[in-house]
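We did not get these values from a lab; they are worked out from the coordinates using the rules stated. The structure presented is a predicted model; accordingly, all values stated were derived computationally and were not measured. Cβ atoms come from the backbone with ideal geometry, glycine included; neighbour counts cover every protein chain shown.
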Amino acid sequence: MRIRDGWLGRQLRRFARSNDGAAALEFALVLPPLCIILVGMFEMSILMFTQASMEGALREAARFGMTGSVSDPAARQTQILAIIDKDTFGFVPQDEATISFLIYPSFGDVNQPEPFTDKNGNGTYEAGIDQFTASQDINGNGVWDGDQGTAGVGAAAQIVQYTVQYDWHVITPFMAPIFGNNGKVHLKASIVLRNEPWDATSSSS
């Protein structure tokens, strides 16, 4: 009874009624998760922007490549890579990305495997069992490939596929488990086109 009515009791009742520092304490509790959420939103925005920039960069690069304005294939490919690098604004480092240019006989052959004689009828090529002849070697590298495309930016009127792939490493803690794959997001952009028939254009002019 004396504690309740004495100095200690008065101090306890005063402490219980006081709101001083409550806002600061609440802010300290809310700030860390709020910052993580904001960083996650920011990273997601950059991720979406990077994907969009890859697609836009490929369109610009393909628009240049298909015209044949640079006749030498090596020089044309160098310029194409420079356009991709410029239009992805440094978000897709070329030493970390996978950039490929593949030539196909027709649009229907894009991303298709090379033909082979399926000896056991399982629909899958097995070396030493299935037959693969020189006439079936579309890209001419001497081995069967799951993609028959031939590396290069193509000559006049050839069909070319441009592809950029990049693994984005998620830095926001709570987002990494969501995406799985060790916190990596696989970004990919691809475009298929036919080069302009610049040989015919130049010969007729």
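Couple of notes before you dig in:
- Amide H contacts under 5 Å for Leu187: Tyr166, Asp167, Trp168, restricted to partners 5 or more places along the chain or on a different chain, H placed in the peptide plane at 1.01 Å from N.
- Added length on full extension, which subtracts the Cα-Cα distance from 0.36 nm per residue, Ala127 to Val143: 4.8 nm
- Size descriptors for the stretch 136-197, from the alpha-carbon set: Rg then Dmax equal 17.7, 51 Å.
- The modelled label-to-label distance between Ala74 and Glu26, using points 7 Å beyond Cα along the C-beta direction, is 6.9 nm.
- Multiplying the residue separation of Ile46 and Asn182 by 0.36 nm and subtracting their alpha-carbon distance yields 47.1 nm.
- The alpha-carbon positions of the chain define a convex hull whose volume is 221 Å³ per residue.
- Taking all Cα pairs closer than 8 Å and separated by 6 or more residues, the relative contact order of the stretch 65-195 comes to 29 percent.
- Convex hull (Cα only) mean projected area of the stretch 83-205, reported in nm² to one decimal: 11.9
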